[in-house]
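Single-structure report; data block below.
Here, each number is a calculation from the coordinates, and none is a lab measurement. Nothing here was measured: the structure is a model prediction, and the numbers come from that model. In this analysis, Cβ positions are derived from the backbone assuming ideal geometry, glycine residues included, and neighbour counts consider all displayed protein chains.
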Amino acid sequence: MPLPSEFADLAPYQAWALATEPERYALRLASSMDDMQAFYDAAFARLEDAITYLDKFPLDDLPEDARALMHLMQSLVMVSFPVEVWKQPRVPDSGAAYLDVIVEPVV
């Protein structure tokens, strides 16, 4: 899915525009801290703009490009703790523990 033209600067991070939490989590685990930091820096700088842009549309009727932007920002949330706190993709001291999301929000 393409991003809105106003967010073309985030196109290098298009791979993070994933629709489900398990997809976002898997990409987080497969990514290096350098990759996550680069994505975080670029996306966080545009977070306020993204929220303002997305607030123009009803949540249950987002255009395809706006939906991609929303998923990109959901991935920003997914990498925020690893980047800001843990300095690693996995939750510290969690061993092999893993949670599966059974139900996702309907959007």
Length gained, Gln88-Leu54, 0.36 nm per residue minus C-alpha separation, equals 9.2 nm
Using the Cα gyration tensor of the stretch 1-76, the equivalent ellipsoid's semi-axes, largest first and to the nearest Å, work out to 20, 14, 10
Per the 1/(1 + (r/R0)^6) rule, R0 = 22 Å and r from the Cβ atoms of Asp61 and Ser5, FRET efficiency to 0.05 is 0.65
